[in-house]
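What follows is a set of notes on a single structure, which appears directly below.
The values are calculated or read from the model by the stated rules, or taken from the named source; none is laboratory data. Not measured: the values here are computed from a predicted model. Here the Cβ is made from the backbone with ideal geometry for all residues, glycine too, and neighbour counts use every protein chain on show. The area values use the complete protein model at the heavy-atom level, side chains included, leaving out ligands, DNA and RNA. Shrake-Rupley method; radii C 1.70, N 1.55, O 1.52, S 1.80 Å.
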Amino acid sequence: MRAVILALALVFGVAVAGRSDKAAYARGMVEDLDWGIMSTISTASDHVGAPFGNPQSHAEVDGVIYFYVSDMDQSMIDIASNNQVGYTLSNAEKLSSPACGTIPYAGDEESPLCSRLSITGNFLNISGTDEEQTATDALFAKHPAMKNWPADHSWFVGKLDITQLWEINMFGGASHITPDQYYAGTDGDDDGN
């Protein structure tokens, strides 16, 4: 069955070349995708301590992931108590891959060929730092609507200080990627393990 699925993926244009270098593939996902789900530990009174997932737009500069966020956002309220977050990306976001289900019965959002990346780290407010302007420029270039958001919502720029990455982009199980491998853009392992 695995061979049939892989053959269908190849027939329908799902490129598998380049998937063996997991760190390079992860960097490509962060660069190509526009948003993901940021997960925090909730501080909301009706579900304190429960996981909370919230869509967030991002931009990247040299692999560093930046966000334009508001203190009013529940995720930022949670982060004020515990800045450890998860940020999850999926190629299903693009709505263009047969591996992700754009062709019925050929793929699915949960298929290992529909790549997904879960990034763990600490969320840091970088307001007033040397990197704030570069991050803001990247965010506004990738998400032009942000420039027009209401000024009275306490917007600020933050970044994800990555501690670990977990990726599935092919059959065979998940790969664990170190921050050093991710920022270098290669895991240096040609067999993909």
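A few comments on the model shown:
- Computed on protein heavy atoms with a 1.4 Å probe, the accessible areas place Lys147, Lys94, Lys22 in the order Lys147, Lys94, Lys22, largest first.
- Cα→Cβ-extended label distance, 7 Å offset, between Thr88 and Gln164, nm: 1.6 nm
- Spatially near lysine pairs across the chain, Cα under 21 Å, sequence gap of 8 or more or different chains: 4
- Between 0 and 90 degrees, the angle of helix 132-142 with respect to the longest Cα principal axis of the chain falls at about 50 degrees.
- If the Kirkwood radius is taken over C-alpha pairs of the chain, then at 4 °C and 1.567 mPa s the Stokes-Einstein diffusion coefficient equals 73 µm²/s.
- Prolate/oblate/rounded call for the stretch 52-131, Cα gyration tensor, a/c under 1.5 rounded: prolate
- Per-residue Karplus couplings for the stretch 173-186, computed as 6.51 cos²θ - 1.76 cosθ + 1.60 with θ equal to phi - 60°, are listed in order as x, 7, 10, 9, 10, 7, x, 4, 5, 4, 5, 6, x, 7 Hz, Gly and Pro entered as x.
- With all protein chains modelled, accessible area of His153 [1.4 Å, Å²]: 60 Å²
- Label-point separation, Asp152 to Val61 (7 Å along Cα→Cβ), nm: 3.1 nm
- The phi-based Karplus calculation (6.51 cos²θ - 1.76 cosθ + 1.60; θ = phi - 60°) puts the 3J(HN,Hα) values of the stretch 42-56 at 5, 10, 5, 4, 8, 7, 4, x, 7, x, 9, x, 8, x, 9 Hz, whole numbers, x for Gly and Pro.
- Accessible surface, the chain, averaged per residue in Å² (probe 1.4 Å): 51 Å²
- Taking the Cα centre of the stretch 42-193 as reference, the dipole from Cβ charges on Lys and Arg (+1) and Asp and Glu (-1) amounts to some 400 debye.
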